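A.B. asks: Can you keep this structure in mind? I'll have questions shortly.
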Amino acid sequence: MLPIQIAVCGPRHCTTADSDNAREIGRLLAERGAVVLCGGGDGVMAAVAEGASSAGGLVVGVRPDTDPDGVCEGLSVVLFTNMGEARNAILVWSASAVIVVGGSWGTLSELALANRRGGVPVISIGGWKVFDAEGDPVMAAHEVATPAEAVEVALSHTG
């Protein structure tokens, strides 16, 4: 049986709170035996890689380019796609759940792709809130307040 793979998405230019949340999410996922998928760059990506690798976890970085200088520390494996933001689809389609930490345009695309895919839990901590044309909220993700909640929701909704 393959291990559960959880994508953790977030901006490369993030807040301290987002970085702290991502680091803790990475640590908790690793402790639960999940493989962490991320973009392998700065910000949230580097923080989740640091957290997971410090707990002995396996971390896969899915890079948009082929530049080894852009890779963050803490990755176990790097996939150089040379696909730009299209790599977000690879990240989302490879995951059993998607955790969104904070928000940027790239993170919004990952949130949208995960919802478009369907069938996988999408969890948000400090991230985007989506509204329809009438201004009513759209349930784009399970909104949580803590890294522990994010990990629990992600893992409890995967096979």
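The values are calculated or read from the model by the stated rules, or taken from the named source; none is laboratory data. Because the structure is a prediction, the values reported are computed rather than measured. With ideal geometry, Cβ positions are generated from the backbone for all residues, glycine too; neighbour counts draw on all protein chains shown. Please note that ligands, DNA and RNA were not included when accessible areas were found on the heavy atoms of the full protein model with its side chains. Shrake-Rupley method; radii C 1.70, N 1.55, O 1.52, S 1.80 Å.
A.B. asks: Going by the conditions given, is Thr107 in contact with a Cys (Cβ under 7 Å, 6 or more places away or on another chain) and either assigned to a helix (DSSP H, G or I) or closer than 22 Å to Arg23 by Cα (or both)?
C.D. replies: On the way: in contact with a Cys (Cβ under 7 Å, 6 or more places away or on another chain): yes; either assigned to a helix (DSSP H, G or I) or closer than 22 Å to Arg23 by Cα (or both): yes.
Yes: the conditions hold for Thr107.
A.B. asks: In a strand (DSSP E or B), surrounded by 18 or more Cβ atoms within 10 Å (Cβ to Cβ), hydrophobic (A, V, I, L, M, F, W, C) and under 12 Å from the mean Cα position of the chain (by Cα): does that describe Val98?
C.D. replies: Yes; evaluated as a whole, the condition is true for this residue.
A.B. asks: Any chance you could count how many residues in region 121-156 are open to solvent by less than 20 Å² (accessible area, probe 1.4 Å), part of a strand (DSSP E or B) and of a type outside the set (Ser, Thr, Tyr)?
C.D. replies: Looking only at that region, the number is 3.
A.B. asks: Which numbered condition in (1) surrounded by 16 or more Cβ atoms within 10 Å (Cβ to Cβ); (2) touching a residue at least 40 places away in the same chain (Cβ under 8 Å); (3) among the small types (Gly, Ala, Ser) is the only one that Ala17 fails?
C.D. replies: (1)
A.B. asks: Which one of the conditions (1) open to solvent by 20 Å² or more (accessible area, probe 1.4 Å); (2) out of contact with any Phe, Trp or Tyr (no Cβ under 9 Å at 6 or more places or on another chain); (3) in a helix (DSSP H, G or I); (4) not small (Gly, Ala, Ser) does Val78 fail to meet, given that it meets all the rest?
C.D. replies: Every condition holds for Val78 apart from (3).
A.B. asks: Let me ask you something else. Mind checking which residues of region 77-87 are touching a helix residue (DSSP H, G or I) at 6+ places or on another chain (Cβ under 7 Å) and modelled with pLDDT of 95 or more?
C.D. replies: Taking region 77-87 first, the residues touching a helix residue (DSSP H, G or I) at 6+ places or on another chain (Cβ under 7 Å) are 81, 85.
Listed by number, the list holds a single entry, Thr81.
A.B. asks: Here are some residues: Leu37, Leu91. Which one is under 12 Å from the mean Cα position of the chain (by Cα), closer than 12 Å to Cys9 by Cα and outside any helix (DSSP H, G or I)?
C.D. replies: Exactly one residue qualifies, and that residue is Leu37.
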